[in-house]
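Worksheet: the structure to be examined is printed underneath.
The values are calculated or read from the model by the stated rules, or taken from the named source; none is laboratory data. Note that the structure is a prediction, hence the values are computed from the model and not measured. Note: ideal-geometry Cβ built from the backbone for every residue, glycine included; neighbour counts use all protein chains shown.
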Amino acid sequence: MPARIATAPVLGLSVLSLPLLASLQFYAGFPLRVITAEISRWLLSAAYSSERSGANLVVQGS
């Protein structure tokens, strides 16, 4: 880089451009959906017949 361009702003913008949120959603998305489905199944089981299929819920067979 030329000497008259400040390096701190360029490095800061480079760090901000990393796809951190997309990576977090990719790696943590499915486990969080499974945990949410299991908690929902547990709460629904008091009133309805429900089961978890992967990250989906099946309530009363449909």
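Suppose we filter Leu13, Leu18 for residues that are free of Cβ contacts under 8 Å to residues at least 24 places away in the same chain, in a loop (DSSP other than H, G, I, E, B), on the phi < 0 side of the Ramachandran plot and aliphatic (A, V, I, L, M); which single one remains?
Exactly one residue qualifies, and that residue is Leu18.
Is there any pair linking a residue in segment 44-59 that is surrounded by fewer than 14 Cβ atoms within 10 Å (Cβ to Cβ) and outside any strand (DSSP E or B) to one that is at pLDDT below 90 and of a type in the set (Gly, Ala, Ser), with Cβ under 8 Å and at least six apart or on different chains, and which?
Pairs that qualify, where the first residue is surrounded by fewer than 14 Cβ atoms within 10 Å (Cβ to Cβ) and outside any strand (DSSP E or B) and the partner is at pLDDT below 90 and of a type in the set (Gly, Ala, Ser), are Ser49/Gly61.
Could you look through segment 15-26, keep only residues that are surrounded by fewer than 10 Cβ atoms within 10 Å (Cβ to Cβ) and of a type outside the set (A, V, I, L, M, F, W, C), and pick out the one that is nearest to Asn56 (Cα to Cα)?
Pro19
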